[in-house]
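Read the structure below first, then the notes.
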Amino acid sequence: MSKTLQDLISDDPEHVYTEEELDAIEELDPVMALRLARVQHLAEQQREHQEALAALGGEIDEELVREAIDEARAILAQDGGDIEYVALVEKDVVQVRLKGACVGCPNAVLDLKNVVERLVRMRVPAVRKVENTF
C-alpha cells in the first residue's frame, strides 16, 4: 500500500525525520522534503549554539573574537578592505565596521557572512551572528 504525504508528515513538532523518512517524502513532494530538512538543520545549529553558550557560562571570550576579526582583516586587506571590531552585544552578536574598499562594495555582505562570520564562529561557536554597523 502506498503512503500519502499526510501519512509521512508527523503531527509532533519535535519529531526529527530520518533520512529514510525524508527520502519517502521527497518522492511525493520534493519541496516539502527540502523544507523539512532545512528546518531540522537550522534547529540543530540553534541547539549547538545554545550548548556552546551554556558551556561558556553565557560568556564569550572577547579576545578570541578579536583574534578572528584580525584574521579576517588580513583576508579583506588583500582587496583593499578593512574591518574594525566594535562591540559584543546581546551576549552573542558581534558588531563590526567594514572599512576601506569594503564600504560600498557589492560583495561586502557576502564577505561579512562567508569570511568574517565563518572565521569568528569557527573560533567562538557561541557567537550567533556578526553584523556590520555604521
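The values are calculated or read from the model by the stated rules, or taken from the named source; none is laboratory data. Just so we're clear, the structure is a prediction, and the values are computed from it rather than from any experiment. Because the Cβ atoms are built from the backbone with ideal geometry, glycine has one as well, and the counts that use them run over all protein chains shown.
For the stretch 15-43, filtered to residues that are under 22 Å from the mean Cα position of the chain (by Cα) and outside any helix (DSSP H, G or I), the residue that is surrounded by the fewest Cβ atoms within 10 Å (Cβ to Cβ) is VAL16.
Can you pull out every residue in the stretch 45-63 that is more than 23 Å from VAL109 (Cβ to Cβ), at pLDDT 75 or above and under 18 Å from the mean Cα position of the chain (by Cα)?
Selection gives ARG47, GLU48, GLU51, ILE60.
Out of the residues in the stretch 99-131 that are in a helix (DSSP H, G or I) and basic (Lys, Arg), state the one that is farthest from ALA52 (Cα to Cα). Top of the filtered list is LYS113.
Which one of ASP12, ASP79 is assigned to a loop (DSSP other than H, G, I, E, B), over 23 Å from the mean Cα position of the chain (by Cα) and exposed (fewer than 10 other Cβ atoms within 10 Å of the Cβ)? Quick ask: steps written out before the conclusion?
Details: ASP79 fails: exposed (fewer than 10 other Cβ atoms within 10 Å of the Cβ).
Exactly one of ASP12, ASP79 is assigned to a loop (DSSP other than H, G, I, E, B), over 23 Å from the mean Cα position of the chain (by Cα) and exposed (fewer than 10 other Cβ atoms within 10 Å of the Cβ), namely ASP12.
Can you tell me how many residues within the stretch 79-97 are among the hydrophobic types (A, V, I, L, M, F, W, C) and touching a Leu at 6+ places or on another chain (Cβ under 7 Å)? Number of matching residues: 2. The set of residues in the stretch 44-65 being hydrophobic (A, V, I, L, M, F, W, C) and assigned to a helix (DSSP H, G or I) consists of ALA52, LEU53, ALA54, ALA55, LEU64, VAL65. Scanning the stretch 107-134 for residues that are exposed (fewer than 13 other Cβ atoms within 10 Å of the Cβ) and closer than 20 Å to GLU62 by Cβ turns up MET122, THR133.
Would you call ALA68 outside any loop (DSSP other than H, G, I, E, B), in contact (Cβ under 8 Å) with a residue 12 or more places away in the chain and over 16 Å from THR133 (Cβ atoms)? For ALA68, the condition - outside any loop (DSSP other than H, G, I, E, B), in contact (Cβ under 8 Å) with a residue 12 or more places away in the chain and over 16 Å from THR133 (Cβ atoms) - is met. Test VAL127 against the criterion of being within 16 Å of the chain's Cα centre (by Cα) and either aliphatic (A, V, I, L, M) or over 30 Å from GLN6 (Cβ atoms) (or both), and give yes or no. Yes; evaluated as a whole, the condition is true for this residue.
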